[in-house]
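Please treat every number below as a calculation from the coordinates, not as lab data. For clarity, every value in this text was computed on a predicted model and none was experimentally measured. Glycine also receives a Cβ, built like all others from the backbone with ideal geometry; neighbour counts cover every protein chain displayed.
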Amino acid sequence: MESTLIIVSIIAGIIGTITGVLGLTFTVISNKRNAQELARNNRLMFLSDRIFDPTIPRELRLPFYEEYLSMGGNGTAVKFWLIEGEREKKIQHPV
């Protein structure tokens, strides 16, 4: 009876250890992925701030816009860039 209890305790300990290691591994992987996503989001916010900055000439903002697109950025910053370009064309070449 005691030997059975010892064997069950050892098996439970091994299973508990394996579960703990797996849980820790998944936590580390998840934290690493979240940290990378946060750095990506921070970069996209920085780039969009440069795209929207009217004090920087449009030609100098182009690299920020291109990097923004290459990182998969879309939405308001892209629409702003395109609308701004159309507006500048109209100003330069009035109909």
Inset, instruction - Extending each Cα 7 Å along its Cβ direction at residue 12 and residue 25, get the distance between those two points in nm, one decimal. - result: 2.5
Inset, instruction - Please name which of 71, 14, 60 has its Cα lying farthest along the dipole of the chain towards the positive end, using unit charges on Cβ (Lys, Arg +1; Asp, Glu -1) and the Cα centre as origin. - result: 60
Inset, instruction - In whole Hz, with x marking every Gly and Pro, tabulate ³J(HN,Hα) for region 29-34 from phi via Karplus 6.51 cos²θ - 1.76 cosθ + 1.60, θ = phi - 60°. - result: 4, 5, 5, 5, 4, 5
Legend entry - FRET efficiency, 1/(1 + (r/R0)^6) with R0 41 Å, evaluated for residue 33 and residue 56 via beta carbons: 0.80
Legend entry - Per residue convex hull volume, Cα atoms of the chain, in Å³: 98
Legend entry - Computed [θ] at 222 nm, deg cm²/dmol, the chain (DSSP H ≥ 4; -39,500 (n - 2.57); rounded to nearest 500): -30500 deg cm²/dmol
